[in-house]
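FYI, it's all coordinate maths here, none of it is from the lab. The structure displayed is predicted, hence computed values, not measured ones. Glycine also receives a Cβ, built like all others from the backbone with ideal geometry; neighbour counts cover every protein chain displayed.
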Amino acid sequence: MKITVLGCGALGQIWLSALDQQGHEVQGWLRVPQPYCSVNVIDLDGQVINKTYIANDPLFLAESELLLVTLKAWQVSEAVRNLQTLLPQHCPILLLHNGMGTIDELKSLPQPILQGITTHAAKRDGTVIIHVANGITHIGPGTPESASLSELADTLHHALPDVAWHNHMASTSWQKLAVNCVINPLTVIYDCRNGDLLSYRDEISRLCEEIATVMEREGQHTSRDSLVDYVLAIIDSTAANTSSMLQDIRSQRRTEIEYITGYLLRRARAQGITTPENSRLYELVKRKEQDYERERI
Ligand code: KPL
């Protein structure tokens, strides 16, 4: 397949090299236009992959059979809209990021949109991307036109396993949102690794209670206790991780809070539910973000 990967950060580089190794024709697309992009990845076996791919080629884009978007949630809408007119109308757009809300922003586009969530973990060490943990990528339809694209899961699975297709992504997306609403802001507030959150069980429980209430109203069958169990299991399996939000805060980058807790709060407001614990964390993360954004002005 001919595939354009929009966003050449850690996840983008891992996908570019995996798809290339599987024999797909790939190009990267960068915000600052340049004709080449470099991939510098240490894979799970410790093998170093150092390659250069073409980038930002509009002709390649016009022939692409998949646009894989690995940008941060807050970058997605604008970047995809900028490319949309160059992209064939039948070319699926697969969004792979934390949080929810981007599908609502893009659903008027003619291209079929797919939603994806991944548990692969990667970290940047200087100019090198280290693929630290294997994971599962869940994909499924984000708009009705993409419901028939399940074979894409097989194609992607051969490049970077595991990839699972879900006809209904809402349940998977909400579960992941719940995890990110708890782990990401708490690691920022306590400036700690995921595993250290085991000391804050009461807070986790209060957050999950609010999240479960919103999810139930959104038609997701869940409970505080099942969410707590799920979140604790993820804390345990990612104990050594520095959450993506804490990495963003430490590097003074914009976080995905608007698409994680922000999305939860918008749904809660629409349902007339109050969420004081989640609102408090939202405000605290926003304040940290604003502190360094103000310094830049
Ligand atoms: O998705 C994650 C993130 O850091 O964004 C978790 C699951 C919390 C793992 O670190």
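Computed from Cα atoms, the angle from the helix 276-296 axis to the main principal axis of the chain rounds to 50 degrees. Rounding to the nearest 10 and keeping the result within 0 to 90°, find how far the Cα-based axis of helix 261-271 lies from the longest principal axis of the chain. Roughly 60 degrees, rounded to the nearest 10. Over all pairs of different C-alpha atoms, segment 38-94 has a mean inverse distance whose reciprocal, the Kirkwood radius, equals 13.3 Å. Measuring between alpha carbons in the structure, the pairs from 176/286; 51/176; 2/286; 2/51; 72/107 lying more than 28 angstrom apart are 51/176; 2/286. Shape class for segment 154-297, computed from the alpha carbon gyration tensor (a ≥ b ≥ c): rounded, with a/c under 1.5. Contact order for segment 122-256, expressed relative to its length and based on alpha carbon pairs under 8 Å spaced 6+ residues apart, stands at 21 percent. The shape of segment 104-225 comes out oblate: with a ≥ b ≥ c from the C-alpha gyration tensor, a/c is at least 1.5 while a/b does not beat b/c. Among 181, 8, 208, sorting on how many other beta-carbon atoms sit within 10 Å of each Cβ, with the fewest leading, yields 8, 208, 181.
If I take all pairs of Cα atoms in the chain, what percentage of them are more than 37 Å from each other? Tail of P(r) above 37 Å: 12 percent of Cα pairs.
Across segment 117-187, the mean sequence separation of Cα contacts (distance under 8 Å, 6 or more residues apart), normalised by length, yields a relative contact order of 27 percent. Farthest towards the positive end of the charge dipole of segment 142-297, among the residues 279, 199, 155, is the Cα of 279, using unit charges on the Cβ of Lys, Arg, Asp and Glu. The phi-based Karplus calculation (6.51 cos²θ - 1.76 cosθ + 1.60; θ = phi - 60°) puts the 3J(HN,Hα) values of segment 133-139 at 8, 5, x, 10, 10, 9, 10 Hz, whole numbers, x for Gly and Pro.
Return the whole-Å distance between the Cα centroid of segment 19-37 and the Cα centroid of segment 173-248. The distance from the Cα centre of segment 19-37 to that of segment 173-248 comes to 34 Å. Radius of gyration (Cα atoms) of segment 233-297, expressed as a multiple of 2.2 N^0.38 Å: 1.28.
Per residue, the convex hull spanned by the Cα atoms of segment 1-119 measures out at 96 cubic angstrom.
If contacts are Cα pairs under 8 angstrom and at least 6 residues apart, what is the relative contact order of the chain in percent? Once normalised by length, the contact order is 14 percent.
If a/c stays under 1.5 just call it rounded; otherwise compare a/b with b/c (prolate if a/b is bigger, oblate if not). Do that for segment 23-69, with a ≥ b ≥ c from the square roots of the Cα gyration tensor eigenvalues. Here segment 23-69 falls in the prolate category. For residue 36, the residues whose amide H sits under 5 Å from its own are 55, ignoring neighbours fewer than 5 places away on the same chain, with H placed 1.01 Å from N.
Relative to the longest principal axis of the Cα atoms of the chain, the long axis of helix 10-21 lies at roughly 40 degrees.
The ranking of 248, 229 by Cβ neighbour count inside 10 Å, starting from the fewest, reads 229, 248. Arranged from fewest to most other beta-carbon atoms within 10 Å of their beta carbon, 44, 87, 149 become 44, 149, 87. Each peptide in 16-24, 78-86 receives the mean, over its residues, of other Cβ atoms within 10 Å, and ordering these scores from highest gives 16-24, 78-86.
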